[in-house]
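Asks: Submitted below is the structure of interest, expressed as structure tokens.
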Amino acid sequence: MAPLGFPKPIKPDDPRLTGHETTYQPSRGGWVKPTKKPVPGTPKTKESKR
């Protein structure tokens, strides 16, 4: 058993990894979370119309 209860090797579809995805972007200083892109067809909220 590895630290934090993960088996070796960690499977990419492990549910405990959800929400922790990052990508390496040297121009932004290293590992960063991906930017959220708007989904076509979703209604805009009052706050986003400002």
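Computed from the coordinates by the stated procedures, all read-outs in this text should not be read as laboratory data. Owing to the predicted nature of the structure, the values given are computational and were not obtained by experimental measurement. Counting neighbours? That spans all protein chains shown, and the Cβs are built from the backbone with ideal geometry, glycine included.
Asks: Once you put a point 7 Å from the Cα of Val39 and another 7 Å from the Cα of His20, both along the Cβ direction, what distance in nm separates them?
Replies: Taking the simple label geometry, Val39 and His20 are separated by 2.4 nm.
Asks: Run down the lysines and flag those whose C-alpha is under 18 Å from the C-alpha of Lys44, throwing out any fewer than 8 positions away in its chain.
Replies: The qualifying lysines are Lys36.
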